[in-house]
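These notes are about the structure you will find just below.
Values quoted throughout were computed directly from the atomic coordinates according to the rules given, and no laboratory measurement underlies them. The shown structure was predicted, so the numbers you read here are calculated from the model rather than taken from an experiment. A quick note on method: Cβ atoms are made from the backbone with ideal geometry, for glycine too, and the neighbour counts reach across all protein chains shown.
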Amino acid sequence: MQETCPACGFRIAHPLYHPEPQPLAALNLPRSGEAAREALRFPMDFHVCAFCGHIFNRQFDYYRIPYEEDSNLMYNRGALWQDHMGRLVDLLVDEYDMRGKTLVDIGCGDGLFFQKLLQRAPECRCVGFEPGIEADNARRAGLEVYKDYFHPQRDLKRLRPDVLVCRHVIEHLQCPRDLVGEIAYWCNRYELAPLFLAEVPRIDNAIEQGRLSDFLYEHVSNFTDYSFRTLFETTGYDVLELAPCYGDEVLVALVRPRLEPRLAAIGRSTATFRQRIAEQLREVGRQLDALVEQGRSVAFWGATGKGAAFLNAFGVDGRRFPVVVDSDEQKAGRFVPGTGQEIRPPDYLRDHPADVIVITTRWRAKDIFDEIRRRQVRCDEALVLEAGRLQPYLGEDAWANEPSLRIEGPHPGGLKPASRRRAGRLV
């Protein structure tokens, strides 16, 4: 079941339309009356996102749709539709100067859009991706078409397109945010900023006019003007133009992925952290082994939460290190999850002193060290994890200038506003 809005990810939605199960309307034209009457039927339960107004079928299951085996028989070859595509071609060629550029069509069908474009700009390289049987028709028309799904990580790197086209595909995807978000991410990784032309059916007229025929099982998503904009603005794009077209029955958006330096920073800092953690595990493991070999008695202070995470991460087993204490005496008599030591109260160490006390929670090191002194617990040294190894605790001032690793995230302040579209460009 689709629990969150496919456009914005919000979890609260209002029920809208819940008909009896219906057969596929666009991908299955039976060859006999009997086959038509016995066609499989699919559940439909349309809800409206309470945040962005997107309309989606909560019962949709993408993997029940035979896109690879059957053809989309809903394609519109009417004169007005051809004129609409022609205006989009003119927009790309004349207004965005795409002559001689590389264009990729995600879900190109039989390639009619690129055929029109190549008539205007034959010097372009047009590459289509189509997993369905229409790919064969597109190839017969002389187009460069892969009978496959578009994979952003793979295909953006090898094709480095100037333009992405995705027309009447997004409404079929169970998780459209995954596709458009991955495209934006890998564009950042590869330092690409292609123009992205996306087109979907527009549901606003159907809602205003009370039309039920617009609700198909194959269309898990039914975009409003606002939800289509929200889809892109919240997944890393600047919206250049967005307008209803073709009698206000479709929505066309021209967007570009935002090149965000923070994405590269997150990748770099994450890789650095992984390396530091690997080195830390080796170094602390070596230090613990050395304490055992030296025959020094060791107690660990901090048994639950972050303390338990420390003990498990570094393999502090109960056989080699049986003594674990915790400041909270109510935990005494319980056992450390994972490693199994019985948790002792702090005063246990006055009667059973340890040579070394390892403070397991760095953020509470000062509190614990003060408690060790206040309770007059004797030990040769207190160690705390610092800079990737166990080091003698020297007080907070000693590490005031320690290097830190920050994983950059989104900055506060909300979304960067999209620029206004030029009036009348897509209409």
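With +1 on each Lys and Arg Cβ and -1 on each Asp and Glu Cβ, and nothing else charged, work out how big the dipole of region 265-399 is about its Cα centre, in Debye to the nearest 20.
380
Full-extension gain between ARG64 and TRP81, please, as 0.36 nm times their residue separation minus the C-alpha to C-alpha distance.
Length gained, ARG64 through TRP81: 3.2 nm.
First check a/c for region 2-55, with a ≥ b ≥ c the square roots of the eigenvalues of its C-alpha gyration tensor; if it is under 1.5, answer rounded, and if not, answer prolate when a/b is larger than b/c or oblate otherwise.
Cα axes put region 2-55 in the prolate bin.
Looking at region 77-259, send over the antiparallel percent of its DSSP beta bridges, to the nearest 5.
45
What net charge is computed for the residues neighbouring TYR393, neighbours being all others with C-beta under 9 Å from the C-beta of TYR393, Lys and Arg scored +1, Asp and Glu -1?
-1
For the pair ASP90/ALA265, report the inter-label distance in nm, with labels modelled 7 Å from Cα in the Cβ direction.
Inter-label distance under the simple model: 4.5 nm.
Under 8 Å for C-alpha pairs, at least 6 residues apart: give me the relative contact order for the chain, rounded to a whole percent.
Reported as a whole number, the value is 12 percent.
Cut-off is 10 Å between beta-carbons; in what order do TRP363, TRP186, TRP301, TRP81 appear when sorted fewest neighbours first? Display every interim value, and only then the final one.
Working: TRP363 7, TRP186 18, TRP301 29, TRP81 14.
Starting with the residue having the fewest Cβ neighbours, the order is TRP363, TRP81, TRP186, TRP301.
Highest GNM mean-square fluctuation, the chain, Cα pairs closer than 10 Å: which of GLY295, GLY109, GLY318?
GLY295
For region 77-259, what does the relative contact order come out to in percent, with C-alpha contacts under 8 Å and a separation of six or more?
Numbers: 330 pairs, mean separation 34.7, N = 183.
In percent, rounded to a whole number, it is 19.
Could you rank the peptides 247-255, 327-335, 377-385 by their average count of other C-beta atoms within 10 Å per residue, with the highest value first?
Working: 247-255: 20.7, 327-335: 13.4, 377-385: 17.6.
In descending order of packing, they fall as 247-255, 377-385, 327-335.
When only Cα pairs under 8 Å and 6 or more residues apart are kept, what is the percent relative contact order across region 23-181? It would help to have the intermediate numbers written out before the result.
Numbers: 211 pairs, mean separation 31.9, N = 159.
20 percent.
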